[in-house]
Amino acid sequence: MKISLKTLHLTLWFIASVSLWQQAIAQNNILPDNTLPIEEQSQVLDTPINEPGSPIDTLRLIQGGAERGQNLFHSFSAFNIADTEATYFITLNPDIENIISRVTGNDTSDILGLLGAVKLDSSFLREVVDLYFINPNGVFFGPASELDVTGALIVSTATDLQFSDEDIWGTTNAMAPSSLLVVDPSAFLFNDPGINGSITNFGDLQAVPGNKLVFLGGDINFNGGSLIAPGGEVVIGGIKSLGTIRLSEVNNASQLDFSDNAQLSDISLMGSSRVGGSQFFIEPDGGRILVRGDEITLDDASYIFSFIFGQADGREIDIKASELNLSDFSYIETTLIFSSATGGSINIDASNLTLDNFSEISSEVLGDGRSGDINISSETVAINGQSSISTSTFDSGNSGNISITASDVNLQGTTENGRFSSGIFSRVSSRGTGDGGDISVEADRITIVDGAKISTEVLGDGQGGDISVSADESLRVLGRSSFGLTPSAISARTEGLTVEANAGSLTILTPKLVVTDGAQLSASTFGPGNAGELLIDAEEIKLSGTSINGFPSGVFAQSNRSTGNSSNIFIDSHVLELLNGAQISAAALEDGIPGDIIVFGEDITVDGTSSFDLPSRILTQTDGSQDAGNLTIITDKLSITGGGEISAGTGSDSEGMGGTILIESNQLLVSGQSPSGLPSNLSVGTLGRGQAGDIGIYADNVIVANGAFISSLSLDQGDAGNIFLDSNSLVLLLDAFISSQSVGTGDASNITINLSDTLFMVDGSIRASSSQAAGGIININADRVRLIGDSDIQTNVDSGVDDAGSITIEADSIVAFDDSDILAFAADGRGGNITLKTNVFFGEDYQPNSPAPFDENDRVDINATGSLASGNILLPDVSFIENSLNELPDELVNSETLVANSCIVRDNDTASSFVLTGSDGLASNPRSDVVIPLSLDTVKPIADSAESFNGSILLESSPISEPSGAYQLADGRLVLSQECR
């Protein structure tokens, strides 16, 4: 029902001016009680409305009452308004500021028509007066109810009002107001445990712009109704137990304070109900919303909002509850429209916050102002069913920030087509030139599943906001949407059209990070703007698996078909695992500059492949004109196994150079293959015209085994990159290899290996080869070199006039067995030089100038053959060792002359020794199977007969003791015996 307020205002003026008042016929709608003195009792006056088509047929005026200073008191035993009635509280006293009404009966007040309160001045013009309406039994506003209150309306189901510390007026002890009740009511007392009246609103209730609407009750329910205070305040709260609500004002903002142990009431908005601080184009300034309750529910497209059309700064939406639930297209929103002001913030403090089925908490700007922030503090935040918390800019204004503090944050779900995700978002729209807001999420545990996201996004020309996610216990980003179209993700991206449209940064702090089944952490650009930095600090990181359609889990910084630059990735972790096809990638797919990857860790594992045979890997890559980013890993232990990969490369259409890989590790293990035979590897490569990057490895121990490899590869015009390895030891086992290879027209590059200890190879290889360009150089410096089985060190050029690369090996000793070879071939050019700088060289069955073939011949070959000329082979002169070995006689020492049946006593002279060498020596100790240094101490003679020695007698039955050594007697003879003990 819509009432012509103009008609009512004219009628009131007419009645007041001509004093044509008539006493109302007795009826049950409004009944004054007898708690006030007769002369102060309320007077209810009726007049008919004879206007054709008007929904109102009766105008009811309430005058009289008890005046106490600025307050006017009314008391009723029943108070109801029919849907065809308009009821006004009237005062002509200019000093009255508050009209205070109570209901002392036992029934709910049904407000089905219009409720008004007016103060008329001497010219019968309307002035502001506030209306307090108190009924402990409950208040019901029907679908046709309306308001015409010139000031604030305060509706409550409290039993009493408190005006000062001790002055109370209400229904508990219904009396006339004392002369002290001359101030504003300050508290609402709920003193009757048997009464818990609710406030229910089905109507459209709106305050005069700039004024206040207050509901303080038991449970408060909206069912299709609205409560709007344009530019003013809406205050909703209540308790369903004994207690007190204090209503105060601080800096022109209402405050609600609840007594200790008070149990707050429930508040529900259903059926498209609205609670707002603005009305479109009626009041330009947005109002403030204050809501306090136990369980607050918004359902079925209900919403709480505050819009700003003017230049005054917006006011906040402030909600505090145990439970706050939004569902079925419900939302809480602040919006700046054509305004340069600052929007009001949304502040939510709830034990549990749940958004479901396209519900939203948002702050937006459609002008050049700044939208408000969203601040949420909660034990649990659950965002499901394509619901969201977001800030956005659609114009030149900047959007506000989002800050969420919680114990648990759970984000879940997308639409079937993947277009709408549940999550937390900051956006710059396609028409926006302002900057996006930042997102900060702090929680103990954060879980993002089924395609949900935390995201900042730029579609226009503004800067994207930054993302900061901190989880004190764990952060889990799991899976994709139901059809694998949309990844669960934390992302900062830009699709803007100008170079100013840069994406924000992404920072993650947590002890435990898990990203699985196609989920992603990403910073990316799809336009000329740059992607933001990506920083992860976690004690334990697990990246694992792919989606059902093959999209890998991982961490990504990408420039996607754009000129914007990719970002850097920084990871600091104690334990980092990439498993089953997961990736860490920094790439540029067009002309943007790829970012670098820097990883610090104690234990890093890159293992396995996906079900689509995609390797787990850490990589940098460029497919455009720019150089690929560098990859740096500093760790105690790095393991690349089961087909895993660490690589830096260029694409087939790239003109840029490949990135450099730098590894600093105490232990480096590259081992094994995937089930399909994909080898584990650490590699750089180029598929285009640019040169491949270099590999630098600084480690204590390096093991490459079981078909794995470390390599630099060129497949086109670019040269392969150099490989530099500095370690204590290097082990190559079972078809493992280190290689620099050019398959195209580019040159193979150099391999340099510096070892303080041993190079140990069993069926492994080190090779620098080229199909048609110059071969690379191999330089090895080690303490010892051991080649076993089919282990090769080789340079070669398959075709063309270029020379094979040289091989230089410097070591204290070089020993090669079986079919191990050192080769430097050139099919059409000159063979490379081979130089072995060592004091000791041994090659099993090695014969200089042995003919081909050099493989599978069970001998060691060293060859530098070339079509134009052979290279030089420089081997050490070991003839001094060969000539110093003399053939020993076959005659053995007579053992019978060596055995003595007594122990040996040394004298105190200084001992000397000698060494037996030869092929037929006798061990000097039964515990040793080799000849050892023998004592040359002087030995005392053996006694002629058995006699006491050290208190013991050698008897025939005494056990025979084995000798412990060979001893020289005074006459020079050698005797096998043992020392006396």
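Key figures
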read-out	value
Number of the condition not met by L668 [criteria: (1) closer than 19 Å to I571 by Cα; (2) part of a loop (DSSP other than H, G, I, E, B)]	(2)
D603 within 16 Å of the chain's Cα centre (by Cα) and part of a strand (DSSP E or B)	no
Residues that are crowded, with 16+ Cβ neighbours inside 10 Å and outside any strand (DSSP E or B), drawn from the stretch 851-881	F854, R859, V860, A864, T865, S870, G871, L875
Flag if V731 is crowded, with 24+ Cβ neighbours inside 10 Å and closer than 15 Å to V785 by Cα	no
Any hit, the stretch 710-729, residues being within 33 Å of the chain's Cα centre (by Cα) and at pLDDT 95 or above	yes
Every residue from the stretch 428-445 that is in a strand (DSSP E or B) and either touching a helix residue (DSSP H, G or I) at 6+ places or on another chain (Cβ under 9 Å) or touching a residue at least 40 places away in the same chain (Cβ under 8 Å) (or both)	V428, A443
Residue, surrounded by the fewest Cβ atoms within 10 Å (Cβ to Cβ), within the stretch 386-405, restricted to residues that are closer than 22 Å to A350 by Cα and free of Cβ contacts under 8 Å to residues at least 40 places away in the same chain	T405
Members of the stretch 736-776 found to be out of contact with any Phe, Trp or Tyr (no Cβ under 9 Å at 6 or more places or on another chain) and modelled with pLDDT of 95 or more, listed by number	L755, S756, D757, T758, L759, F760, M761, V762, D763
Enumeration of residues in the stretch 570-600 that are under 22 Å from N549 (Cα atoms) and assigned to a loop (DSSP other than H, G, I, E, B)	N580, G581, A582, L589
So L732, is it free of Cβ contacts under 8 Å to residues at least 40 places away in the same chain, closer than 23 Å to R617 by Cβ and outside any loop (DSSP other than H, G, I, E, B)	no
Neighbours by Cβ (under 6 Å, 6+ apart or cross-chain): first from the stretch 138-149, farther than 14 Å from Q206 by Cβ and assigned to a loop (DSSP other than H, G, I, E, B); second of a type in the set (S, T, Y) and modelled with pLDDT of 95 or more	G138/T108; G138/T157; G138/S198
Candidates G343, G287 - the one that is touching a Pro at 6+ places or on another chain (Cβ under 9 Å) and crowded, with 22+ Cβ neighbours inside 10 Å	G287
The stretch 494-529, residues that are at pLDDT below 90 and either surrounded by fewer than 24 Cβ atoms within 10 Å (Cβ to Cβ) or under 23 Å from Q412 (Cα atoms) (or both)	E495, L497, T498, V499, E500, S524, F526, P528
Wholly enclosed strands (runs of 3 or more DSSP E) of the stretch 757-829 bearing at least 1 residues surrounded by 20 or more Cβ atoms within 10 Å (Cβ to Cβ) and not assigned by TED's automatic domain parsing to the domain that holds L868	758-762, 765-770
Residue within the stretch 169-187 that is within 20 Å of T35 (Cα to Cα), assigned to a strand (DSSP E or B) and not hydroxyl-bearing (S, T, Y) present	yes
Hits in the stretch 462-478 - residues which are crowded, with 22+ Cβ neighbours inside 10 Å and within 21 Å of S544 (Cα to Cα)	V469, A471, L475, V477
Enumeration of residues in the stretch 197-247 that are hydroxyl-bearing (S, T, Y) and out of contact with any Asp or Glu (no Cβ under 7 Å at 6 or more places or on another chain)	T200, S241, T244
Condition met for A158 (of a type outside the set (D, E, K, R), farther than 18 Å from D33 by Cα and assigned by TED's automatic domain parsing to the domain that holds D204)	yes
Qualifying positions in the stretch 540-569 - at pLDDT 90 or above, among the small types (G, A, S) and part of a strand (DSSP E or B)	S544, G554, A557
Output for the stretch 531-541, where each listed residue is under 17 Å from I597 (Cα atoms) and either surrounded by fewer than 24 Cβ atoms within 10 Å (Cβ to Cβ) or among the aliphatic types (A, V, I, L, M) (or both)	A531, E533, L534, L535, I536, D537, A538, I541
Within the stretch 616-631, tally of residues that are part of a strand (DSSP E or B) and closer than 15 Å to K542 by Cα	2
Residue among E416, E442 that alone is at negative phi, surrounded by fewer than 23 Cβ atoms within 10 Å (Cβ to Cβ) and over 23 Å from the mean Cα position of the chain (by Cα)	E416
Which numbered condition G649 fails, given (1) in a loop (DSSP other than H, G, I, E, B); (2) modelled with pLDDT under 95; (3) within 22 Å of P552 (Cβ to Cβ); (4) not aromatic (F, W, Y)	(1)
Qualifying positions in the stretch 52-108 - hydroxyl-bearing (S, T, Y), part of a strand (DSSP E or B) and closer than 22 Å to Q162 by Cβ	S75, S101
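Here is a yes/no grid of residues against (1) under 32 Å from the mean Cα position of the chain (by Cα); (2) modelled with pLDDT of 95 or more; (3) crowded, with 24+ Cβ neighbours inside 10 Å:
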residue: I267; (1), (2), (3): no, yes, yes
residue: V275; (1), (2), (3): no, yes, yes
residue: T297; (1), (2), (3): yes, yes, no
residue: D300; (1), (2), (3): no, yes, no
residue: I304; (1), (2), (3): yes, yes, yes
residue: G310; (1), (2), (3): no, no, no
residue: I319; (1), (2), (3): yes, yes, yes
residue: I332; (1), (2), (3): yes, yes, yes
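The values are calculated or read from the model by the stated rules, or taken from the named source; none is laboratory data. Note that the structure is predicted; figures quoted are calculated from it, not measured. Using ideal geometry, Cβ is built from the backbone for each residue, glycine included, and neighbour counts are taken over all protein chains shown.
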